[in-house]
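> One structure, as structure tokens, below. Some questions next.
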């Protein structure tokens, strides 16, 4: 079976599966290159309300294919950074569904998702110190934001793996599921996301991710923009009506 990225859209959720089972779903250069345009297509698809990133079989992703690291021009590292940034910039909610090894480029991709659900037994690591690789600046900053400064340094300095319990304590993981429960829980949560206001989710994602390093005045401008979008969309009125009528809301799309 050729390594690649598999995509399936159902009930508003796009599932992207990293498939390279012969190498624990390691990302090859073509796979890194394929991810940004794939994400762009899914972002433009009005049938997609959220995205789940997962791995084939019992492993999420064991990182970059080591063969690609021998590239003296550093193409693999540049493509990995571009893929990570494309995933982080995906405008709709993203969730990493993790089993087994989530290491190196796997953790890089998982950290670029909004949320991470893991099955018991999953292991996490960032291994550039074992390979003499300088971890990308963007990925380093994101890991610090997700897992905290101390945990990020622990992972980056040592290359050691941590278990689900520690990942949960640090914020690297949001939920830990018993064996066999991951798929069910991710489907349930994706259904919850699909039932909520996509405008609210899009605004929250931009403001949460994009206002860390900008002046307060600029952040306030974006906040005012999204408040105006919410008023114009009718979502506020629909949410209030649904609450009073004790029914599920029927929210519009941001572009409706």
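The values are calculated or read from the model by the stated rules, or taken from the named source; none is laboratory data. It should be emphasised that the depicted structure is a prediction, and the values quoted were computed from it without experimental measurement. Every residue, glycine as well, gets a Cβ built from its backbone with ideal geometry; the counts of neighbours run over all protein chains shown.
Conditions (1) part of a helix (DSSP H, G or I); (2) in contact with a helix residue (DSSP H, G or I) (Cβ under 6 Å, 6 or more places away or on another chain); (3) outside the structural domain of residue 100 (by TED's automatic domain parsing), marked per residue:
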| residue | (1), (2), (3) |
| --- | --- |
| 121 | no, no, no |
| 141 | yes, no, no |
| 150 | yes, no, no |
| 176 | no, yes, no |
| 179 | no, no, no |
| 183 | yes, no, no |
| 209 | yes, no, yes |
| 213 | no, no, yes |
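> From the list 110, 44, 86, exactly one residue is in the same structural domain as residue 188 (by TED's automatic domain parsing) and touching a strand residue (DSSP E or B) at 6+ places or on another chain (Cβ under 9 Å). Which is it?
Details: 44 fails: touching a strand residue (DSSP E or B) at 6+ places or on another chain (Cβ under 9 Å); 86 fails: touching a strand residue (DSSP E or B) at 6+ places or on another chain (Cβ under 9 Å).
That would be 110, the only listed residue that is in the same structural domain as residue 188 (by TED's automatic domain parsing) and touching a strand residue (DSSP E or B) at 6+ places or on another chain (Cβ under 9 Å).
> Oh, and also: Against the conditions (1) in contact with a helix residue (DSSP H, G or I) (Cβ under 9 Å, 6 or more places away or on another chain); (2) over 30 Å from residue 252 (Cα atoms); (3) surrounded by fewer than 23 Cβ atoms within 10 Å (Cβ to Cβ); (4) in contact (Cβ under 8 Å) with a residue 12 or more places away in the chain, where does residue 134 fall short? Just the number, please.
Every condition holds for residue 134 apart from (4).
For (1) under 14 Å from the mean Cα position of the chain (by Cα); (2) touching a residue at least 12 places away in the same chain (Cβ under 8 Å); (3) at positive phi, each residue gets a yes or a no:
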site	(1), (2), (3)
17	yes, yes, no
44	no, no, no
54	yes, yes, no
79	no, yes, no
96	yes, yes, no
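> Tell me, please, whether a residue that is over 20 Å from residue 103 (Cα atoms) and surrounded by 14 or more Cβ atoms within 10 Å (Cβ to Cβ) can be found in the stretch 165-176.
Looking only at the stretch 165-176, we keep the residues that are over 20 Å from residue 103 (Cα atoms), and these are none.
No, the stretch 165-176 contains no residue that is over 20 Å from residue 103 (Cα atoms) and surrounded by 14 or more Cβ atoms within 10 Å (Cβ to Cβ).
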